[in-house]
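The values are calculated or read from the model by the stated rules, or taken from the named source; none is laboratory data. Since the structure is predicted, the reported quantities are computational estimates derived from the model, not experimental observations. Neighbour counts run over all protein chains shown; Cβ positions are idealised from the backbone, glycine included.
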Amino acid sequence: MSEETLQVFIDGVINYFHHTSEKEVKVGSPYLIENNSPAAFDYTGIIGISGPYRGSVYFTAPKALLTHLLLAIGEKDTSMEYIMDLVGEVANTIAGNARSKFGQDFLISVPVVVEGAPSNIHLPKDLRSYVIPVYWRAYSSAVVICLEA
Amino acid sequence: MWSALGKYKAIVVSIALFLILDASVLSLNFFISFKIADDAVGVNLAGRQRMLTQRTVKSLYDLRLAEGDTVKQETALNELKTTYNLFNTTLTAFDKGGETKNANGETVVLKRVNSDAGRVAIDEAKIIWQPYSDAIAKVIAASGTAAMAQSLNSAIVIAGDKNLLLLKLMNDLTVNLEQVATHQATVLRYIQTGGITLAIINFLIILFHFIGELRQNDKFLEDARKETTDILDTVNEGLFLLDKDLVIGEQQSSQLAEIFGGKDARGLKFSDLIGDLVKPKDLETAQRFVNLLFRPDVKGNLISDLNPLNQVEINIPDEDGGYITRHLSFEFSRVSKDGELKNVLVTVNDITEQVMLARELEETKEKGEQQLEMLTSILHANPGVLKRFIQNAFDAYGRINKILKEQSKSPAVMQRKLNDIFIEVHNFKGEASALELDNFAEYAHVFEDDIQALKQQSKLAGNDFLKLAVHLESLIRYTESIKELADKLASFAFNQDPSSSVRSPTNHENVTSSDWKHLTKLCENVSQRDKKQAQLVLTGFDEAKINDDAQKLVNELSIQFIRNAVVHSIEHPEFRKARGKHETGRIDARLSRLPTGELELSVHDDGCGINYEKIRSKALMIGKWDKAEVEKFTHQQLLSLIFLPGFSTADNQNEDAGRGVGMDIIKKRIDQYQGKIKVSSSSGKHCQFTVTFPADAFAQNEIDTQQGKVA
Amino acid sequence: MTVPLKMLIVDDSNIIRRKIERGSDGEMFKVVGSADSGVAAIEKFKALKPDVVTMDLTMPKMDGIECISNLISIDPKARILVVSALSDKATGIEALEKGARGFLCKPFDEKKLSDALKELVQDYV
């Protein structure tokens, strides 16, 4: 998978934060993980990809970041329901960005939000994923990309 | 018309039969009724004949009594005339058939009486009537009183004689005619009863036979429907009909829902069924294609090549946010009814398995080709060495990933990370080229280039490392496939022998089988690339009993030292010749276990030694130190410079030198195992690096080798 | 059918024209003319009044699609068989929408061609 493809998904997340009142977001140094031990924070929004590449991309973040992010977009209700919605929203933005960049050849699913790590349905065991840390304020979150050609 | 009735033929025949039956009963009824009416007239007139006989007699007597009274005589004579004529005419009519008058004076026609008893009565009556009639005729015809009286007397005599008999005969006729009439009525009743019975039977036949038949037909239909349903439930294809508006019909195979993820297609538009699953352009083309099938002038058999959905990949979203990819084949065929194109039958086949199989075959083929290429790239390497190299590679990848994983926003730390990764990659490259694993070496070289480019960048961000992560991933992937191949190769017995025939025949003849043969090869290669001549003599390598960990380090160090010796110390052949040296330089590498248990590696060469002035000018160029300071550097100080990161005195960067790591890695690795390094050099004569490790250095560090696996 | 049907071949490639000529059944069809462009095809069509036309789609001077439209406006009953390489199915479908009746994909063998031509005229009266 090319760097450009990965970048599209990373940009999706950055895009989302750019639409909040606190735009300052930093991308950390990407690294690899084996899928048999997926990395995840409290909540994870997953999108499925099909087409020239197949697999999944997910955004995972701790509850604290999401709570803070809700406040940053002017939402006072920080119940779990809203937090789940927010994670889905970020995943949606990633999907939208990917759709506009990749065009019709790629199929991108509606996001699914889970607590904790995605199940192995989304992550083929014998593959690796790219972890791209995303820092916002004092919090860390990550985009995890697992695609195969 | 008849054939159009089809299965309704029988019922039409039955109903027609019923009508014919009814009509014949009715007409018979009519006929007999008329006959009975005729008979009634006959009976009536026969009865009148009885009365007429008496009236005739009475008229005869009236005539006698009216003698002398002309008026009365006249009346009586008229009465006699009328009675006589009426009786006579009626009798004749009964006898031969003919006209007579009824009570109202109207003409009626009588049929000849044919019954036996009737005939007897009439025939007898005729015999009696003949003389009687003659006598009466004479009375009527008589003129004059005397003639009248005479004829009257003879007539009265006959009347007295025959009247009762004639009355009886007329009575017989009446009775007979009545009997005949009664008989006719009875026949009529029989006919009517028979007709009604037949009609009822016919009705019952219709009822039982045809209703049964209809029931059976219904059952057939039901069975047929059930059969259709059964077929639709069991076929492996998705089947449905499309009408001209491209709306899906009510009946379809159950497999269809299966194929389309449980979607109920009934009554949906075709576009609603597949619109979300195929590309918009494909959908549009498909709709246009189906429309062509509804055009009668288009030859259905001649457009199948244009079917845009004959093999189409669809992605059905599942509940987990992923996609199920299916390969479907749609076939479209026309359904005509009475020569008109009514529907298009769509057959959907799930050909995922076939497509996957074909793809797998293709991939296997491709992989086979790749593996062949890989095979050629690793075939020359000793399996044991290759195995060690792969393990080292994974260790290095693990370390690189660990460096990547370390997060920091400080530019200094990021630079250090780049440096650290570079060292790892460079070291890896060195080992790869020493083993002539050119693919690895080339890959590492590209990796290095990207790191170098990043190093030049003034501002580094986390995202800049993405490129490196991608390189790392590809290297891991490549190494995994090589490992797979190497494991396979290792399972072949002949390959266990390092001196097997698959080795390159250009290999040095003198070298015995050894795990260290690659060092000799490295020396040859580097010399060749640098246009130098050098010979490596290995001593003690095969004999020293060292563990894997030590072996790994000795290997790394040897590679670096040997390469340095060739690149930096050994002179070009002409130069050596001019100096009175042998054109071929000599490098001695010795590995020995000292009596103290320490492990010592020394690499000695007979080249020009360390060029301190070159180091000094390089140090000046870097500009890290004052000129005055550099001028004052002792040999010892200059020597320490070569162990600094990024310091190289090579003129050109190439695979073997000039990248400025090498000595600093060596320093780091030696430190890691508490080793000591000693350098001795005599300008123009020789140079020697000696490294000593404590006896227990490797035993302690054994655990460390386990780390490094990615993640 | 005693009298052979008149056939016009429209294709810009000599090789294909000859191949179609060879492949068309001698008893059933008689090639009365050929054209290497859409413009030429229209002229020949008017002059020769062929029963059957084989039509390439990619040609210089008016492509096959436009040519089909023209031929159909001259004679709505024209029997046109598109003989073309299948680069884009939508183009083939467009040709049929314009009035062609069948599609034969290049490359083809003689049997395939002759079957297609028979099918094309199967209900001819």
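Descriptive notes on the structure:
- Within segment C:71-89, the set of residues being surrounded by 18 or more Cβ atoms within 10 Å (Cβ to Cβ) and either more than 8 Å from every other protein chain (Cβ to nearest Cβ) or more than 14 Å from the chain's Cα centre (by Cα) (or both) comprises C:LEU71, C:ALA78, C:ARG79, C:ILE80, C:VAL82, C:VAL83, C:SER84, C:LYS89.
- Residues that are in contact (Cβ under 8 Å) with a residue 40 or more places away in the chain and under 22 Å from the mean Cα position of the chain (by Cα) within segment B:204-243 comprise B:ASN236, B:GLU237, B:GLY238, B:LEU239, B:PHE240, B:LEU241, B:LEU242, B:ASP243, listed in sequence order.
- Among the residues of segment B:323-344, just one is more than 28 Å from B:ALA358 (Cα to Cα), among the polar types (S, T, N, Q) and surrounded by 17 or more Cβ atoms within 10 Å (Cβ to Cβ), namely B:ASN343.
- Taken across segment A:29-42, residues that are part of a strand (DSSP E or B) and within 11 Å of A:PRO118 (Cα to Cα) do not occur at all.
- A:TYR16 being touching a residue at least 40 places away in the same chain (Cβ under 8 Å) and either more than 14 Å from every other protein chain (Cβ to nearest Cβ) or under 13 Å from the mean Cα position of the chain (by Cα) (or both): yes
- So C:THR58, is it more than 19 Å from B:ARG288 (Cβ to Cβ), away from chain B (no Cβ under 14 Å) and in contact with a strand residue (DSSP E or B) (Cβ under 9 Å, 6 or more places away or on another chain): yes
- Among strands (runs of 3 or more DSSP E) entirely within segment A:52-149, having at least 3 residues that are more than 11 Å from every other protein chain (Cβ to nearest Cβ) singles out A:54-61, A:139-148.
- Set side by side, the residues B:ASP305, B:ASP320 differ, and just one is surrounded by fewer than 19 Cβ atoms within 10 Å (Cβ to Cβ) and either farther than 21 Å from C:GLY92 by Cβ or in contact with a helix residue (DSSP H, G or I) (Cβ under 7 Å, 6 or more places away or on another chain) (or both), which is B:ASP320.
- Some residue of segment A:21-31 being in contact with a strand residue (DSSP E or B) (Cβ under 9 Å, 6 or more places away or on another chain) and more than 14 Å from every other protein chain (Cβ to nearest Cβ): yes
- Test: residue in segment C:79-93 that is touching a residue at least 12 places away in the same chain (Cβ under 8 Å) and more than 27 Å from B:LYS281 (Cα to Cα): yes
- Flag for C:ILE20 being among the β-branched types (Val, Ile, Thr) and in a helix (DSSP H, G or I): yes
- Residue identified as modelled with pLDDT of 80 or more, assigned to a loop (DSSP other than H, G, I, E, B) and surrounded by 14 or more Cβ atoms within 10 Å (Cβ to Cβ) among B:CYS687, B:CYS608: B:CYS608
- The set of residues in segment B:454-477 that are assigned to a helix (DSSP H, G or I), away from chain A (no Cβ under 13 Å) and in contact with a helix residue (DSSP H, G or I) (Cβ under 9 Å, 6 or more places away or on another chain) contains only B:LYS455.
- Check on A:GLY48, touching a Gly at 6+ places or on another chain (Cβ under 7 Å), within 12 Å of chain B (Cβ to nearest Cβ), closer than 26 Å to B:PHE465 by Cβ and not basic (Lys, Arg): no
- Residue within segment B:375-385 that is more than 30 Å from B:PRO296 (Cα to Cα), within 29 Å of the chain's Cα centre (by Cα) and at pLDDT 75 or above present: no
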